[in-house]
1. Regarding Ile107, is this residue more than 9 Å from the ligand (Cβ to nearest atom), assigned to a strand (DSSP E or B) and buried (at least 20 other Cβ atoms within 10 Å of the Cβ)?
2. Just to be sure I understand, how many residues within segment 70-95 are surrounded by fewer than 19 Cβ atoms within 10 Å (Cβ to Cβ), of a type in the set (S, T, N, Q) and within 13 Å of the ligand (Cβ to nearest atom)?
3. Residue under question is Lys167, and the condition is that it be buried (at least 16 other Cβ atoms within 10 Å of the Cβ) and outside the structural domain of Asp105 (by TED's automatic domain parsing); does it hold?
4. Any residue that is in a strand (DSSP E or B), farther than 30 Å from Ile223 by Cα and modelled with pLDDT under 95 - is there at least one of those in segment 3-12?
5. Could you run through segment 116-141 and say how many residues are under 26 Å from Val38 (Cα atoms) and within 11 Å of the ligand (Cβ to nearest atom)?
6. So the check is Cβ under 8 Å with 6+ separation or different chains; which pairs have a first residue in segment 225-237 that's assigned by TED's automatic domain parsing to the domain that holds Gly138 and a second one that's β-branched (Val, Ile, Thr) and in a strand (DSSP E or B)?
7. Hey, could you check segment 45-69 for residues that are more than 16 Å from the ligand (Cβ to nearest atom) and touching a residue at least 12 places away in the same chain (Cβ under 8 Å) and say which is surrounded by the fewest Cβ atoms within 10 Å (Cβ to Cβ)?
8. Any residue in segment 185-195 that is crowded, with 18+ Cβ neighbours inside 10 Å, under 21 Å from the mean Cα position of the chain (by Cα) and under 24 Å from His58 (Cβ atoms)?
Amino acid sequence: MLFMKEQDLYKKLAKYYDYLYAWKDYKKEAEQIKEEIVKYKKSTGNKLLDMACGTGSHLEHFTDDYECTGIDINSEILEVAKSKGLKASFILGDMTDFDLGTEFDIILCLFSSIGYVKTKENLTKTIECFTKHLKKGGVLIIEPWLTKEIYRAGSPHMTTFDGEKLKIARVNISELKGDISYFEMHYLIAEENKHVIHFVDQHELALFPIELMVSLCQNNGLITHHNKEGLFDNRGLLIGVKE
Ligand SMILES: C[S@@+](CC[C@H](N)C(=O)[O-])C[C@H]1O[C@@H](n2cnc3c(N)ncnc32)[C@H](O)[C@@H]1O
């Protein structure tokens, strides 16, 4: 068994990421995001940044309409994104501290990736960085992680992929450490002509109150809107438009 002492952020698992999330309807989510962009964006350009883009599964559905850039902190996952041949630029970077020297019409931070910044201090720096990279009239769309009120500590979870040549089972119990949700993800991966791998990966995401994210956006001059339903799982969408 391989036990990661620190958050691996899918590094060792990058090549399995898309299989693990094969159930997720990225196309439908991208269509919903496009509706929010049309509703709120006031700037006239089409430059889009997907922060914490992962394997580029949302970007795949934006490249026809927007000039796309993806950033992620994980080089292995970016290699998977790059291998898809998308019309997009990919940059290794950290959302808490990045400076691209350019502005975007749209900045996305989806699938609760914002929770990985973990502290209020990092969240403050992240929202500042996002705002700095947004054009006047540009739109920031964040899909938050759960709040402490709706997070169910102690609940068991399982995700599976059942392909002919690859089987994956991932189980965990959701845990709580202060204001941080903690997951010890146990993977069993069976691949054709290989030995079964048992892999344990730890994830820590802050359960930021939505009011905190709203006030940080407003302090940075964004007009905020909260779509409570969001893309899935009632995670909601926080939308900020730069005045
Ligand atoms: C749940 S995945 C979401 C990936 C992708 N957005 C999607 O919807 O499939 C979280 C992603 O956040 C990235 N990440 C975590 N902390 C980050 C940071 N500080 N800066 C940039 N990316 C980060 C991870 O490497 C991972 O790809």
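1. Values: more than 9 Å from the ligand (Cβ to nearest atom): yes; assigned to a strand (DSSP E or B): yes; buried (at least 20 other Cβ atoms within 10 Å of the Cβ): yes.
Here the answer is yes, as Ile107 does meet what is asked.
2. 1
3. Details: buried (at least 16 other Cβ atoms within 10 Å of the Cβ): yes; outside the structural domain of Asp105 (by TED's automatic domain parsing): yes.
So Lys167 passes the test.
4. yes
5. Here is the first cut: in segment 116-141, the ones under 26 Å from Val38 (Cα atoms) are 126-141.
Subset that is within 11 Å of the ligand (Cβ to nearest atom): 126, 129.
So the count comes out to 2.
6. Pairs found: His225/Ile239; His225/Val241; His226/Ile239; Asn227/Ile239; Leu237/Ile141; Leu237/Ile142.
7. Residues of segment 45-69 more than 16 Å from the ligand (Cβ to nearest atom): 45-47, 64-65, 67.
From the residues that got through so far, the ones that are touching a residue at least 12 places away in the same chain (Cβ under 8 Å) too are 45-47, 65, 67.
Numbers: Gly45: 15, Asn46: 15, Lys47: 18, Asp65: 12, Glu67: 17.
Restricting to residues being more than 16 Å from the ligand (Cβ to nearest atom) and touching a residue at least 12 places away in the same chain (Cβ under 8 Å), the top hit is Asp65.
8. yes
The values are calculated or read from the model by the stated rules, or taken from the named source; none is laboratory data. Worth saying up front: this structure is predicted, and the values here are computed from it rather than measured. Positions of Cβ are backbone-derived with ideal geometry, glycine not excepted, and every protein chain shown enters the neighbour counts.
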